[in-house]
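J.: Here it is: the structure, laid out below.
The values are calculated or read from the model by the stated rules, or taken from the named source; none is laboratory data. This one's a predicted model, so the numbers in the text were calculated from it and none came from an experiment. No Cβ is skipped: glycine too gets one built from the backbone with ideal geometry, and neighbour counts run over all protein chains shown.
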């Protein structure tokens, strides 16, 4: 019983992963670390 | 501003925009918002002003210490290039473009915020890794032309993306490996749960029903790994087989596939299964392939090769007559370069690159041809002078008549030479393929004999088949499959950390066998820029002579003038009546004294008595001499030369210690080359003088014909054919795009010492590969007889397999130290 459950869970995770990569989730793995420091709505000139 | 470079000299200032250090007297000084700012070029000044006016000065505080100074290159790109990549959306259009000139994360922030501030832009997203941007905009509010102009105005160059670009192809390959690896890794991890349970069950006892269920689960999980993730190996082994070869891929396929087939049979015969072997081999090798393709994608530029050097738009002169042109009646019109035919007349402004091969009809200027020829100094082009596409016009307006354009130019010929060399390059067999070439047929033979032997003795088809297949399974273990790829994977990641990109894994192995290292002189051994070497005076002291010369030279933008001015650190004197005589020299007066600075022949022309022999001796030795006369009396001369890189000598010495021959190729004459060798002072250093750009590849070929493995190190366009011809081409990262594309290894940092580091790593790697193979074969030596006789115990074999694999893993890890 546990085997099919674990396999089904596994396949669901795989499908989510494949969907994410198809929709470009891993296209830019460099960007997020810079983007999180940017505040979108601030005035550009604050110095 | 967070980063301010320390000024080492008083007359050097950093460009306010790009931080490039320029001579204070040549910098453009403008006041922006009441502050006096200096810039290295008009491009930087204009970008700085735009950013200040539009409130983007935060850019300067955002960029980090890794910012590499470098001037903004002006771009004028026609929107026609992008028309094919525009797609229509619900509210407007969307385009994907490549951006060149991005140097840091702040650049991307700037492009995104600056563009999204424009009215009509719906979204803009720049990929940090590939520098490709996706822009969508509303119809009618803004158009493609305005978007392109906006990007160009802040100093970045938009370029079209083409599907046939090597970069795009590598991106696709990388994506493909990524999917196959992730799926392989995912199923392998699931599989491990059942495999561990099965092994534990073997020792502690396991319910038969549960065991069968676990085995079926393992089968289910390893099937996609074998047939989806393993597809590249299946395909390539069959391709190789059709040509009668066996490769590393054949071994990987055989190892994984026989284990798979054996396990399926074992499953029905109630024996032990080896599905884990199948998935582990495939997943690990795929990881290596994925890393390799990422490296390839990183080095190939998204920019079409020729596009970078040849402008897309030109200034066309219709119905050209010298009289109407000089009188100002005829003015140029801007047209796309595609419309130009041989025989047309074009105007080339200072600072532009020359769009076609042609002949100068009017004007004179200095042209930087260093990318095509071995000359590092600008060449003077007068009427009837020949100019080449892709070279840079420095200081004068020229009118040229087009002779060759497009695919017939010298630049295109070099690109074609590179392509030809690529096509004709004979692949060097790497050690793994060589071993596999003998190993695979041997194992198949042993397997076949096992079958025949067992059948002859027992007359049982099933037992005989199982024993024969078990020979194949045991003989193609992880250890042998991992021996080379793992060592190369670790070596690749080590050199990548040091700033070196290897485009293919086996190149590391080939490099270790290189016996001859050929270096291009200009730009590789030397810096490719002039430096003052010596000041020789007659009747004046050195300080005074330099003071006079520098004061007059500061008014010129010639390379020699820049080098001399840079040496001088004090205040300048006022120069009156300054005049520049292109190709000859400069004149002016200081405190009423007439100063002439220029070539030897120019001084003679002016009636100055000159010590010809002394000066020509220096010129023969490879120096450039600037002669100075004060009040028509010879006052001395300053010698300049292309300065040797700081780490060149160290690197050459290190190579000499490792018993490889180093050869320097130079276009200079023999005497100058000898002087260079003398200055380097490295034992057994060879040189070949008077090599023309097109001969470089021939030199490499002649070494190869003498049975020598060659590595070529270079940076220029003219090195490209030689880089491709050599067994290993090493390009210096600051070099030209074509050189980078033609080479196998790219030094991402501008350090020659990396050549030595990579070579050392490659030698260690080859040693480790040999040890790994030794281990793997020892394993085979013990196990194959056991498999043939059918006495092998499954768990014993599994344990032995893991131990030998682990040995290979740990041994390979030694490379990374």
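J.: Which numbered condition trips up residue B:189, out of (1) surrounded by fewer than 18 Cβ atoms within 10 Å (Cβ to Cβ); (2) more than 11 Å from chain A (Cβ to nearest Cβ)?
T.: (2)
J.: Follow-up. Take the residues in segment B:42-72 that are out of contact with any helix residue (DSSP H, G or I) (no Cβ under 7 Å at 6 or more places or on another chain) and within 30 Å of residue B:339 (Cβ to Cβ); name whichever of them is modelled with the highest pLDDT.
T.: Per the criteria, the residue is B:46.
J.: Among the residues of segment B:387-402, what is the count of those that are at negative phi and in contact with a helix residue (DSSP H, G or I) (Cβ under 8 Å, 6 or more places away or on another chain)?
T.: Looking only at that region, the number is 3.
J.: Consider residue B:307 against the criteria (1) modelled with pLDDT under 75; (2) part of a loop (DSSP other than H, G, I, E, B): it satisfies all of them except one. Which criterion is unmet?
T.: Status for residue B:307: all satisfied but (2).
J.: Okay, moving on. Of all residues in segment A:1-21, which are more than 9 Å from every other protein chain (Cβ to nearest Cβ) and under 26 Å from residue B:125 (Cβ atoms)?
T.: Scanning segment A:1-21 gives A:15, A:16, A:19, A:20.
J.: So is residue B:149 surrounded by fewer than 17 Cβ atoms within 10 Å (Cβ to Cβ), farther than 30 Å from residue B:20 by Cα and away from every other protein chain (no Cβ under 14 Å) or not?
T.: Criteria not met by residue B:149.
J.: Here is a follow-up. Just checking, which of B:717, B:730 is modelled with pLDDT under 85 and crowded, with 24+ Cβ neighbours inside 10 Å?
T.: Only one candidate qualifies: B:717.
J.: Scan (1) in contact with a strand residue (DSSP E or B) (Cβ under 8 Å, 6 or more places away or on another chain); (2) more than 28 Å from residue B:654 (Cβ to Cβ); (3) not in a helix (DSSP H, G or I) for the single condition residue B:548 breaks and write down its number.
T.: Among (1) in contact with a strand residue (DSSP E or B) (Cβ under 8 Å, 6 or more places away or on another chain); (2) more than 28 Å from residue B:654 (Cβ to Cβ); (3) not in a helix (DSSP H, G or I), residue B:548 violates only (3).
J.: A follow-up question, please. For residue B:206, indicate whether it is more than 11 Å from chain A (Cβ to nearest Cβ), in contact with a helix residue (DSSP H, G or I) (Cβ under 8 Å, 6 or more places away or on another chain) and either touching a residue at least 40 places away in the same chain (Cβ under 8 Å) or under 30 Å from residue B:98 (Cβ atoms) (or both).
T.: no
J.: I'm trying to understand the selection: among the residues of segment B:193-203, which are within 12 Å of chain A (Cβ to nearest Cβ) and farther than 16 Å from residue A:1 by Cβ?
T.: Narrowing segment B:193-203 to residues within 12 Å of chain A (Cβ to nearest Cβ): B:193-194, B:197.
Within segment B:193-203, no residue meets the criteria.
J.: Tell me which residues, restricted to segment B:571-586, are more than 17 Å from residue B:395 (Cβ to Cβ) and free of Cβ contacts under 8 Å to residues at least 60 places away in the same chain.
T.: Once the filter is applied, which keeps residues that are more than 17 Å from residue B:395 (Cβ to Cβ) and free of Cβ contacts under 8 Å to residues at least 60 places away in the same chain, segment B:571-586 yields B:571, B:573, B:574, B:575, B:576, B:577.
J.: To continue, here is another question. Quick test for you: out of B:96, B:85, B:61, B:46, pick the one residue that is over 26 Å from the mean Cα position of the chain (by Cα) and within 13 Å of chain A (Cβ to nearest Cβ).
T.: B:61
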